[in-house]
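The values are calculated or read from the model by the stated rules, or taken from the named source; none is laboratory data. Note that the structure is a prediction, hence the values are computed from the model and not measured. In this analysis, Cβ positions are derived from the backbone assuming ideal geometry, glycine residues included, and neighbour counts consider all displayed protein chains. The protein model used for the area step is the full one, side chains on, heavy atoms only, and it has no ligands, DNA or RNA in it. Shrake-Rupley method; radii C 1.70, N 1.55, O 1.52, S 1.80 Å.
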There are 2 protein chains.
Amino acid sequence: MTTKLDVLIVYAHQEPSSFNGALKDVAVKTLKSQGHNVTVSDLYKMNFDPTASKSTIQEPDNEEYFNFQEELKKAASKGKLPSDLQAEIDQVLSSDLVILQFPLYWLGLPAILKGWLDKCFVDQIAFDIQKKKWFDRGPFSQKKIILSFTAGGSESYFSNTGLFGDMNVLLWPIHNALRMTGFQVLSPQILYMLNTTHQDRTAMLEAWEKRLVNIWTEEPLSFVHIDNFTE
Amino acid sequence: MTTKLDVLIVYAHQEPSSFNGALKDVAVKTLKSQGHNVTVSDLYKMNFDPTASKSTIQEPDNEEYFNFQEELKKAASKGKLPSDLQAEIDQVLSSDLVILQFPLYWLGLPAILKGWLDKCFVDQIAFDIQKKKWFDRGPFSQKKIILSFTAGGSESYFSNTGLFGDMNVLLWPIHNALRMTGFQVLSPQILYMLNTTHQDRTAMLEAWEKRLVNIWTEEPLSFVHIDNFTE
Ligand SMILES: Cc1cc2nc3c(=O)[nH]c(=O)nc-3n(C[C@H](O)[C@H](O)[C@H](O)COP(=O)(O)OP(=O)(O)OC[C@H]3O[C@@H](n4cnc5c(N)ncnc54)[C@H](O)[C@@H]3O)c2cc1C
Ligand SMILES: Cc1cc2nc3c(=O)[nH]c(=O)nc-3n(C[C@H](O)[C@H](O)[C@H](O)COP(=O)(O)OP(=O)(O)OC[C@H]3O[C@@H](n4cnc5c(N)ncnc54)[C@H](O)[C@@H]3O)c2cc1C
Ligand SMILES: [Zn+2]
Ligand SMILES: [Zn+2]
């Protein structure tokens, strides 16, 4: 039995020859060779605009009082989003697996990728609070997502006794935000770059390739089910 | 004895009549009436570009391999940054207190504000790892910073048993990132908006006003001193 997946790689690096670029290339090659359908959103190359600006909304519903969440929802429902943003949303909707490939900036997502989330995860598409369709009941609950990222520091900086703080704690806000849409979050692929040799990095690329072959069968991280929370 | 402060308010909302706009206006009025020097960076209004794009660097030092951190550092040292970005960095450098005023987006900073950090906190200006000038020994150790933000949810969503998770944990990556530059981080001002009445919100604005009068004398949050970490 084979499973053909639609994979979206959202890639946030300016330099094709960067290590992030190499990680992205390995993913494209490996997943394609498995027969999957792979699409790359190269955010810098496409000049993706990450700001939740008024100019995102061509015909605002409320001319007097700009509410980004409302306007985004309404523009999406009327098919009036900028075409490049609509294309990103369509990619997410048709994907089975999303890979976010990025370098860590200030213990978090680079702005261009944060803005991709801010703008693609539209109310009533990526979640619906009114109908309580979020978290385990969210629209994306059949999809998987994984953070694959490089960090300038070494693993010890991100340990429980390290200066940057425990990596699990640092990733929790991002993982829980992704969870709001229902996404099954896979264990992150973390590449600590400090003092690595070329050989170390080659091994990292091979480990990523190896993991990708069976990534679809991985169990996602466990989170407390939404039924256990009171509202 | 009076202390005249230089205060920078970095404001990330599209709508002047928003509650974030009201919070910003209260801060400007209150701090000015105390004799402080107040500057507002209205990120959406100034069309601040938050992306760490190649176009930030007019004359890249390395034409073949783009490394954002390196190029930003070099462009800054040569006075070759875009003038609007240089102006933001100068504002941070001359400030005693920075207020980040924003609505919470996906459990974190809106992209436009995240990118302000990504681009203003330049290597060798905001931190210097080589010389170990960061955290408690960072360049901004005489400055204070505070997150003042609204959340769409109620406080219970951000409790230890809430769906979004404990607010202290969600804020840790942001606070620790700010700490890297040396900033003394004040206790955040958090405005939970769900089911608030006009009266509730008026009281929130008054509480903010009251706090701002003595904010400079507040003790910052405690963090473990850098000397207690091994490297
Ligand atoms: C604004 C900003 C904020 C940051 N904040 C943080 C932070 O909070 N914490 C932190 O830890 N770091 C931080 N960093 C550092 C950043 O995370 C690293 O610079 C980044 O992760 C390195 O990834 P890269 O793809 O850019 O690496 P590159 O610099 O492109 O590559 C790293 C090395 O890999 C080599 N390489 C490239 N391709 C291959 C290949 N195919 N095989 C083998 N080797 C290869 C390169 O030659 C280079 O030696 C920050 C950086 C910036 C710009
Ligand atoms: C992309 C995105 C992601 C989001 N993610 C999250 C999330 O993860 N978690 C979460 O909790 N929320 C989230 N939100 C919701 C967001 O945080 C709230 O919409 C925002 O914080 C509300 O602040 P505002 O200034 O926009 O409020 P507004 O909508 O402008 O105002 C709120 C109320 O205050 C009133 N008001 C305005 N001025 C005054 C005044 N002077 N006195 C009294 N009342 C006044 C307004 O009339 C309105 O009724 C998200 C929103 C977006 C767009
Ligand atoms: Zn599919
Ligand atoms: Zn001063």
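Which residue, A:Tyr11, A:Thr51, A:Gly138, has the largest displacement toward the positive end of the dipole of the stretch A:6-228 when charges sit on each Cβ (Lys, Arg +1; Asp, Glu -1)?
The residue sitting farthest along the positive end of the dipole is A:Gly138.
Relative contact order of chain B: what whole-number percent is it, with Cα pairs under 8 angstrom and at least 6 residues apart?
That works out to 21 percent.
Over all residues in B:55-65, what is the mean tally of Cβ atoms on other chains that come within 10 Å of each residue's Cβ?
The per-residue average across the peptide is 1.
Rounded to whole Å, give me the distance from the Cα center of the stretch B:188-230 to that of the stretch B:90-163.
First find each Cα centre; the distance between them is then 14 Å.
Place the peptides A:60-69, B:137-146 in order of packing, highest mean first, counting for every residue the other Cβ atoms within 10 Å and averaging per peptide.
For the peptides A:60-69, B:137-146, the packing ranking is B:137-146, A:60-69.
Cα convex hull of the stretch B:6-219: how many Å³ per residue?
131 Å³
To make sure I understand the rule: partners must be lysines, Cα under 22 Å from the Cα of A:Lys78, and not fewer than 8 residues away in the same chain. Which ones qualify?
Cα-Cα hits under 22 Å: A:Lys54, A:Lys119, A:Lys131, A:Lys133.
When we measure straight from the Cα of B:Lys143, which aspartates and glutamates land under 15 angstrom away, once same-chain ones fewer than 8 places off are left out?
B:Asp6, B:Asp90, B:Asp96, B:Glu218, B:Glu219
Kindly give the semi-axes, whole Å and largest first, of the ellipsoid equivalent to the protein assembly as shown, taking each as the square root of 5 times a Cα gyration tensor eigenvalue.
Ellipsoid semi-axes (Å, largest first): 34, 28, 22.
About its Cα centre, how strong a charge dipole does the stretch A:6-228 have in debye, to the nearest 20, once Lys and Arg get +1 and Asp and Glu get -1 at the Cβ?
My answer is approximately 300 debye.
Put a point 7 Å out from Cα along the line to Cβ at A:Gln130; what are the distances to that point in the other copies, in nm, shortest first?
In ascending order, 5.7 nm.
Tabulate in residue order the Karplus-calculated ³J(HN,Hα) for the stretch A:106-116, using 6.51 cos²θ - 1.76 cosθ + 1.60 with θ = phi - 60°, rounded to whole Hz; enter x for Gly and Pro.
6, 6, x, 6, x, 3, 4, 7, 4, x, 4
Please compute, for peptide B:150-160, the average count of beta-carbon atoms on other protein chains lying within 10 Å of each residue's beta-carbon.
1
For the protein assembly as shown, what is the calculated [θ] at 222 nm in deg cm²/dmol (nearest 500), taking -39500 (n - 2.57) for each run of four or more DSSP H residues and dividing by its residue count?
Rounded to the nearest 500, it is -10500 deg cm²/dmol.
In the stretch A:17-134, carbon and sulfur make up what percent of the accessible area (probe 1.4 Å)?
It is 45 percent, rounded to a whole number.
At 7 Å along the Cα-to-beta-carbon direction for both A:Lys29 and B:Ser33, put a label point, then send me their distance in nm to one decimal.
With each label point 7 Å from Cα toward Cβ, the separation is 6.6 nm.
What are the ³J(HN,Hα) couplings of the stretch B:214-223, residue after residue, when phi is run through the Karplus curve with 6.51, -1.76, 1.60 and θ = phi - 60°? Round to Hz, x for glycine and proline.
So the Karplus estimates, Gly and Pro as x, are 10, 4, 5, 8, 5, 6, x, 4, 8, 10 Hz.
Along Cα-to-Cβ, 7 Å out, sits the label point; list in nm, shortest first, how far the one on B:Ala203 is from those in the other copies.
For B:Ala203, the inter-copy label distances come out at 6.0 nm.
Across peptide A:30-37, what mean number of C-beta atoms from other chains lies inside 10 Å of a residue's C-beta?
Mean shielding by partner chains, rounded to a whole number: 0.
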